[in-house]
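A short write-up of the structure that comes next.
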Amino acid sequence: MSYVVLGTSNCTFCTKAKHMLREKGVSFTAYSIDTPSSRWLLTLIKEAGMSTVPQIWDNKGNHVGGYTELALHLERK
């Protein structure tokens, strides 16, 4: 299973989420919404009513949630 992590470059919980995935040996793709090439993702998460980062999805397109939800999700695996 792999994940997509949307966050910002100065987000503590974004960094923790990516660290947790690395520790578990799980692959992921990270996008920083504060970089020009990924700025369009900010529009998407705002349109979806999301106001915090990180926002994490699995490779099936299921929204996992944020850092806390990711930790619970990975415990169940």
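Bear in mind that the values in this text are calculations on the coordinates, not laboratory data. Quick caveat: nothing in here was measured; it's all calculated off a predicted structure.
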Quiz prompt | Relative contact order computed over the chain (Cα-Cα under 8 Å; 6+ residues apart), in percent | solution = 36
Quiz item: For the chain: lysine pairs with Cα atoms under 17 Å, gap of 8 or more or different chains, count?
Solution: 4
